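One structure is given here, and the rest of the page talks about it.
The values are calculated or read from the model by the stated rules, or taken from the named source; none is laboratory data. Computed from a prediction, not measured in an experiment: that's the story for all the values here. Quick reminder, even Gly has a Cβ in these numbers, built from the backbone with ideal geometry, and neighbours come from all protein chains shown. For accessibility, only protein heavy atoms count, side chains too; no ligands or nucleic acids. Shrake-Rupley method; radii C 1.70, N 1.55, O 1.52, S 1.80 Å.
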Amino acid sequence: MKGVFFALSIGLLMACSPAPEPGEAYMVENIETPEGLASQVGALEFLPNGKLIAAFTRGEVMTYDTTTKEWHLFAEGLHDPLGIHVVDNDEVLVMQLPELTRLKDTDSDGVADLYENVTDAFGITGNYHEFNYGPEMDSRGNFYIALNSSSSGGKMRDEVRGTINLDGRDGTTGNRQMFSTVPYRGWVTKLTKDGTLHPFAVGFRSPNGIVVDGADNLFVTDNQGDWVGTSALFHVEPGKFYGHPGGLVWMSGWNRGNPFRLPLDTLDSMRTPPVVYFPHGIMANSPSQPVFDYTDGKFGPFKGQLFVGEMNRGRIVRVMLEKVNGKFQGACIPFLDSLGLRKGNNRLAFAPDGSLWVGQNAHGWLGDVGIQRIVFTGKQPVDVYTMRLTSDGFELTFTQPIQDTAALNPNNYQFARYYYLYHQKYGSPQQELERIRVTDVKLSRNRKTVTLQLASLKPGFIYELNLGDLRSKWGQPIRSGLVCYTVNELIKD
């Protein structure tokens, strides 16, 4: 009787809870930029006083008063700035192509009058693709900077900065692979408080996104291409290799010649895989800056989760991380599609009021320009909150209770399993694609958590889940029916 009474009590509580207000949980607003400005956003952040500070790839750095909606020029003349760190209301660090630059307003008139080189201790060949990202700071005051590999579609100039090592390039006829002929192309570097730039981790192609979480874990996104079968998110640790070979020549003590000539199996055995893959053409084709939601609920129910920009469509991706056997892995899901969101979502920043600001960029590829703001309306979304691995399947927790009949129907959970090749070619087709049957479904008492048992579970695969007609207890459809979980590790007994 006690168990029956408890179940009835839960049911009565759920029946008595008010239905969430219908309507969109998020809305997108356009931010007007100054007339005549080439509004290709390379960096975006907020000052302690609440003003937005934005860097544009033609070289301007500007502030925006969110109350008066007025723009002011803070600095100009920079070369393709793609990252910014706020020191205080009068000082920022900006990552541009030639250097990390300190911009400081020493007389508090709203305009920077000090331009100071913080570090330029990395190589430049003049190749058009040598973009630089960051800086991101950890709790100890160290900065992390990601350096793009050079493009095979561009040239090295006659005069370069840094030592040249041609072993960082595959010179084989017909092999168009990105390269690292000067230090430290394809690396994440660490700038210590004494002003020294150190090589930190290697193996990146185009790491257009870098973030440090509250526990000093460093995460980097990389874009699909040669040696990158599909775009991905990496947990970056010192001394590790993440897949693209060119930069290996700058490892301390490297004596193995041209890394592009090493056997594929050797390179594969050296590399650390991504913690989350973004399936190409399905989830994201060109991921950009990741940001953690530390707004304490101001942006909705996804506190502590990661949001990632996507350049090729009007989408923001949400990432749900967990640790299995002490290692990060997890799932990705479309957070927001359309609602007026443009393409080219290059830079993200949370405002003090909890809204998410998005800076767009085309930069010669697919994209748009300008700045938009994503606002949580207070209407709770119906969505997957977390996806976690179990010993024989997955556990899905939703933001709202789900209708019983649909939630318990195995046909509403369609799994496909596949992986992408690690090879020198540009991208990869899906490998060993197969459907995986759901053999059992359990629903929690609060109707928010579904436990799925699968017929087969293997490491080294992406598990793509397409959800059927799942609805909240009050009949609202789920916002996103696509979730992709990267299984690197299985739970040990």
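So which lysines can K193 reach, going by Cα to Cα under 26 Å and dropping same-chain residues fewer than 8 places off? Straight-distance partners of K193: K104, K240.
In terms of its C-alpha gyration tensor, region 230-356 has a prolate overall shape, because the principal axis ratio a/c (a ≥ b ≥ c, square roots of the eigenvalues) is not below 1.5 and a/b outweighs b/c. Qualifying chymotrypsin sites (Phe, Trp or Tyr not before Pro) in region 224-273, where qualification requires a DSSP coil assignment and no more than 15 other C-beta atoms within 10 Å, comprise W254. In region 135-196, one over the average inverse separation of all distinct C-alpha pairs is 13.4 Å, which is the Kirkwood hydrodynamic radius. The angle between the Cα long axis of helix 2-16 and the main principal axis of the chain comes to about 60°, on a 0 to 90 degree scale. When the Debye formula is applied to the Cα atoms of region 120-252, each taken as the same point scatterer, what base-10 log of I(q)/I(0) results at q = 0.11, 0.14, 0.18, 0.19 Å⁻¹? So the normalised log intensities work out to -0.35, -0.56, -0.92, -1.03. Dividing the Cα radius of gyration of region 299-352 by 2.2 N^0.38 Å, with N the residue count, gives 1.27. Size check on region 454-493: the Cα extents along the three principal axes, sorted descending, read 38, 19, 15 Å.
Residue separation times 0.36 nm, minus the C-alpha to C-alpha distance between E432 and E322: what's the value?
37.1 nm
Applying both filters, DSSP loop and at most 15 other Cβ atoms within 10 Å, to the trypsin sites (Lys or Arg not before Pro) of region 124-194 gives R140, K155, R157, R176, K193. Projected onto their three principal axes, the Cα atoms of region 76-143 cover extents of 37, 31, 16 Å, largest first. Solvent-accessible area assigned to carbon and sulfur over the chain amounts to 49 percent, based on a 1.4 Å probe.
Identify which of the listed values of semi-axes √(5λ) of the Cα gyration tensor in Å was calculated from the structure shown: [x] 40, 30, 18; [y] 40, 25, 21; [z] 31, 27, 23. So the structure-derived entry is [x].
For K448, the lysines whose Cα comes closer than 27 Å to its Cα, not counting residues fewer than 8 places off in the same chain, are K2, K298, K303, K323, K327, K379, K458, K473, K492.
Roughly how many Å² is the accessible area per residue of region 233-278, as a whole number, for a 1.4 Å probe?
42 Å²
So, for region 368-450, what is the accessible surface per residue at a probe of 1.4 Å, expressed in square angstrom?
Values: 3850 Å² over 83 residues.
Accessible area per residue: 46 Å².
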